[in-house]
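Where a number appears in this text, it was derived from the coordinates with a stated rule and is not lab data. Source: prediction; values computed, not measured. Neighbour counts are summed over all protein chains in view; Cβ atoms, including those assigned to glycine, are modelled from backbone coordinates with ideal geometry.
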Amino acid sequence: MIEIASSVNVVTPVVSRRTSFRAPDSADTKVINDDTETFDEVGSDAGIGEVLLALGGRLTRLQTEILAALDQSLTIRQYRILSRVGSGHTSLTALCKLAHRNPSTMSESVDKMVTRGFLIRGTSDTSRRTMRLALTPLGVEARDAARRALEKFAAELTAGLPAEMCAPLLPALRRIYFDTQGHLDDR
């Protein structure tokens, strides 16, 4: 269990699927986790970019833990592959482009998922040389369980935020997200 110790800062309770934690309103709050003391990665003077980078790392860690705790544990990359194949991106080339990964890295990930029974390989209807991927029933089940868990987590992230705070925040975050995607596409 994580406890936030703060004499000045207000803390907001947030309940997750596996554990309860309290998120500080201020970045300079001291965090005590069992018998280990740590401090947030950003101080009160951090800019929005620094906060976003730290937040991105923290959210990735939490997503990783949520996906690993499922009956059919997944990595973030595996979940994305299942989601993309399920939405019609069935070639290795398409997956590589979407993930900005090289074919050998993607092929290794796909091989592991075929071995676990989440995906099957076939040949394309239009070209015998092109591999086509498809979800198995186990793959659909794993993807859907992961989606439900991540949707629940996403709802919990902002459950305590007032609507007047969310209204201006959402467009700004969307812009940063799509601008960042543009940087990935340029590489």
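For a paramagnetic label modelled at 7 Å from the Cα of Leu138 toward its Cβ, which residues of the range 73-93 fall within the zone defined by backbone nitrogen distances under 12 Å?
Output list for this probe position: 73.
Using θ = phi - 60° and the Karplus form 6.51 cos²θ - 1.76 cosθ + 1.60, what ³J(HN,Hα) does each residue of the range 89-106 get, whole Hz, x for Gly and Pro?
8, 9, 9, 4, 4, 5, 5, 4, 5, 5, 8, 6, 10, 7, x, 5, 5, 5
Nearest 20 debye, what's the magnitude of the dipole of the range 58-187 about its Cα centre given +1 on Lys and Arg Cβ and -1 on Asp and Glu Cβ?
Computed about the Cα centre, the dipole is about 420 debye.
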